[in-house]
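Input: a single structure, listed below in structure tokens.
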Amino acid sequence: MIDRFRDRAIWIEQNIMPHERQIRAWIRRHRLRDLDVDDIIQEMYARIASQADFSEIRVPIRYAMQTAYSIMATHLRRSKIVTITATDDLDDLGVASPEASPEEEIAQRDDLREVTDALASLPDRTRKILLMRRVEGLPLRETAARLAISEKTIEKHMARATLFLMHRFGRGAKSARQTSYILKEPTGENDDTSN
């Protein structure tokens, strides 16, 4: 498994990183106003690193730009308000949205099932906080206010959820189905951890 991670890192270092400056410039020209370039780049690397196999990627820079496009398009779809400017920006991107093959769709459904199972394994409050922060995109302060708990407690729940998911899935790898990591609710003084 370590060799696979090393191989992925080497592939990314050789095929994507040399083009990062160009990719960043492209994102700056086409990005949505409320998305930070660094956030898009970080998510792009995470998505690329999570690929099981790089052998089908013929033009790495184009693949990276399509990945960035997908991140921006997903953000736009999740936005509650879509401005005319934001829509125009995406229309000008000039990168076709890739279609998934039937095999990829099955693999994606399996991945979704694994993620759903992992989320179901989280304690209720930790799962709720993770979904509020990462799916709904709520800021830390707003999440804490809605749940009437401290920002520090939110951070502890997020850290524990992240550690649990990393142990369950590794860094970008498929589920190990078993983990020796036991998730515990945050405890300690001034922690507001009741469900």
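The values are calculated or read from the model by the stated rules, or taken from the named source; none is laboratory data. The structure displayed is predicted, hence computed values, not measured ones. Here the Cβ positions follow ideal geometry from the backbone for every residue, glycine too, while neighbour counts run over all protein chains shown. Ligands, DNA and RNA are stripped out before the accessible areas are found, and what is left, the full protein with its side chains, is counted by its heavy atoms. Shrake-Rupley method; radii C 1.70, N 1.55, O 1.52, S 1.80 Å.
The set of residues in the stretch 1-56 being among the small types (Gly, Ala, Ser), in a loop (DSSP other than H, G, I, E, B) and either at pLDDT below 80 or within 16 Å of Thr74 (Cβ to Cβ) (or both) consists of Ser50, Ala52.
Meeting the requirement of 1 or more residues that are among the aromatic types (Phe, Trp, Tyr), modelled with pLDDT of 80 or more and under 29 Å from Ala52 (Cα atoms), the helices (runs of 4 or more DSSP H) wholly within the stretch 106-194 are 151-169. Residues to consider are Arg24, Arg28; find the one that is charged (D, E, K, R) and either loosely packed, with under 15 Cβ neighbours inside 10 Å or under 17 Å from the mean Cα position of the chain (by Cα) (or both). The unique qualifying residue is Arg28.
Note on the stretch 35-79: residues that are under 17 Å from the mean Cα position of the chain (by Cα), among the charged types (D, E, K, R) and loosely packed, with under 14 Cβ neighbours inside 10 Å amount to 5.
The rows are residues; the columns are (1) closer than 30 Å to Ala9 by Cα; (2) open to solvent by 50 Å² or more (accessible area, probe 1.4 Å); (3) among the basic types (Lys, Arg); (4) without any contact (Cβ under 8 Å) to a residue 24 or more places away in the chain.
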site: Met132; (1), (2), (3), (4): no, no, no, yes
site: Leu138; (1), (2), (3), (4): no, no, no, yes
site: Thr143; (1), (2), (3), (4): no, no, no, yes
site: His157; (1), (2), (3), (4): yes, no, no, no
site: Arg160; (1), (2), (3), (4): yes, yes, yes, no
